[in-house]
Ligand code: AMP
Ligand code: MG
């Protein structure tokens, strides 16, 4: 079934920028916007605060929660819990927090479901290709790739109730493919706990929406032009209403490098140990929660358009929009049925 045309004539990437839209709400309601920095990028929250609800201290609470998540799962913070796990010896149970376990369990689940396209043990390869915290910056040799691959593989990770064990020496877990989505979900939970049920949360383009912006209409997200080199949210080509749920985008268009060995980017195909090779420029995934959308956007980049479309068609509750090179200097797009029919209008 052909997908419904998008409102502009060229392909776009659904990276949310939360645009300031004049919102008509009940006289006692107000819409607040909170912005900040986290996980090497920016975040924003728009929330409709109903009646007399107190939104004081919300930004501090959000910042504190995000700091906590970074402290648990950032590989850029040498003191984080995950960095300590990465520095630990192989083949011993390493005690971990409930939060780290939850995210690792989700990662392992999606690794199995995607036949290893998502694999959070790619840390050594990410570093080798120049996109990690311990990156040398030069293009790796085939021997280096073979050596790093011996230290990767999600099947080498064992998760217990309160521990993880690394089955190969010098493994390095990298949660960058999934942590932003988890952070978005957690800010959503924080807002709900404070009685806020109408909001849109975004970290670096990964989004969760809940309820409506004015009691009737869906929250609007900005759609970005995939032209390389623009900062997130700087080239918005359209606004679309997003039904309650999550949306996350992965792409080779923003973090890449051209050198003598050709073009490389930050998404690694665990089957080859090199950046994924396909015509795909970006994948946007729609799912009920943002951790799932984030994990799957990365996995579908690895799978490519044809395998990815088939995978999405056989998984309920997941939709995806694939943007790829048309081999003629432009972009083409394919979306699963739900992209046209339900999620976007
Ligand atoms: P995202 O932007 O969510 O697609 O995450 C990409 C980041 O996840 C990269 O910068 C790497 O740190 C890491 N990564 C790269 N390839 C993979 C992969 N196949 N599975 C899991 N994580 C990956
Ligand atoms: Mg991801």
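Mind telling me which of the residues 105, 148 ends up being within 23 Å of the chain's Cα centre (by Cα) and part of a helix (DSSP H, G or I)?
105
Test residue 132 against the criterion of being in a loop (DSSP other than H, G, I, E, B) and either within 17 Å of residue 289 (Cα to Cα) or within 16 Å of ligand 2 (Cβ to nearest atom) (or both), and give yes or no.
Spelling it out, residue 132 is indeed in a loop (DSSP other than H, G, I, E, B) and either within 17 Å of residue 289 (Cα to Cα) or within 16 Å of ligand 2 (Cβ to nearest atom) (or both).
Take the residues in the stretch 129-150 that are in contact with a strand residue (DSSP E or B) (Cβ under 9 Å, 6 or more places away or on another chain) and under 25 Å from residue 114 (Cβ atoms), then tell me which one is nearest to ligand 1 (Cβ to nearest atom).
For the stretch 129-150, the residue satisfying everything is 131.
Give the number of residues within the stretch 152-170 that are surrounded by 21 or more Cβ atoms within 10 Å (Cβ to Cβ) and either without any contact (Cβ under 8 Å) to a residue 12 or more places away in the chain or part of a loop (DSSP other than H, G, I, E, B) (or both).
Qualifying residue count for the region: 1.
Just give me the residues in the stretch 275-288 being buried (at least 18 other Cβ atoms within 10 Å of the Cβ), in contact (Cβ under 8 Å) with a residue 40 or more places away in the chain and either over 16 Å from the mean Cα position of the chain (by Cα) or more than 10 Å from ligand 1 (Cβ to nearest atom) (or both), in sequence order.
Residues satisfying the conditions are 275, 278, 280, 281, 284, 286, 287.
Given the criterion crowded, with 16+ Cβ neighbours inside 10 Å, within 16 Å of ligand 2 (Cβ to nearest atom) and modelled with pLDDT under 90, identify the matching residue among 251, 233.
Exactly one of 251, 233 is crowded, with 16+ Cβ neighbours inside 10 Å, within 16 Å of ligand 2 (Cβ to nearest atom) and modelled with pLDDT under 90, namely 251.
Considering only the stretch 161-184, state which residues are within 15 Å of ligand 2 (Cβ to nearest atom) and out of contact with any helix residue (DSSP H, G or I) (no Cβ under 8 Å at 6 or more places or on another chain).
Of everything in the stretch 161-184, nothing turns out to be within 15 Å of ligand 2 (Cβ to nearest atom) and out of contact with any helix residue (DSSP H, G or I) (no Cβ under 8 Å at 6 or more places or on another chain).
For the stretch 254-272, enumerate the residues that are loosely packed, with under 15 Cβ neighbours inside 10 Å and either within 24 Å of residue 152 (Cβ to Cβ) or at pLDDT 65 or above (or both).
255, 258, 259, 261, 262, 263, 271, 272
Please determine whether any residue of the stretch 23-37 is surrounded by 15 or more Cβ atoms within 10 Å (Cβ to Cβ), modelled with pLDDT of 80 or more, part of a strand (DSSP E or B) and under 23 Å from the mean Cα position of the chain (by Cα). Spell out the reasoning first.
Keep residues of the stretch 23-37 that are surrounded by 15 or more Cβ atoms within 10 Å (Cβ to Cβ), which gives 23, 25, 29-31, 34.
Next cut, modelled with pLDDT of 80 or more only: 29-31, 34.
Now drop any that are not part of a strand (DSSP E or B), which leaves 30-31, 34.
From the residues that got through so far, the ones that are under 23 Å from the mean Cα position of the chain (by Cα) too are 34.
Looking through the stretch 23-37, at least one residue is surrounded by 15 or more Cβ atoms within 10 Å (Cβ to Cβ), modelled with pLDDT of 80 or more, part of a strand (DSSP E or B) and under 23 Å from the mean Cα position of the chain (by Cα).
The values are calculated or read from the model by the stated rules, or taken from the named source; none is laboratory data. Fair warning: this is a prediction, and the values are worked out from it, not measured in the lab. Cβ atoms come from the backbone with ideal geometry, glycine included; neighbour counts cover every protein chain shown.
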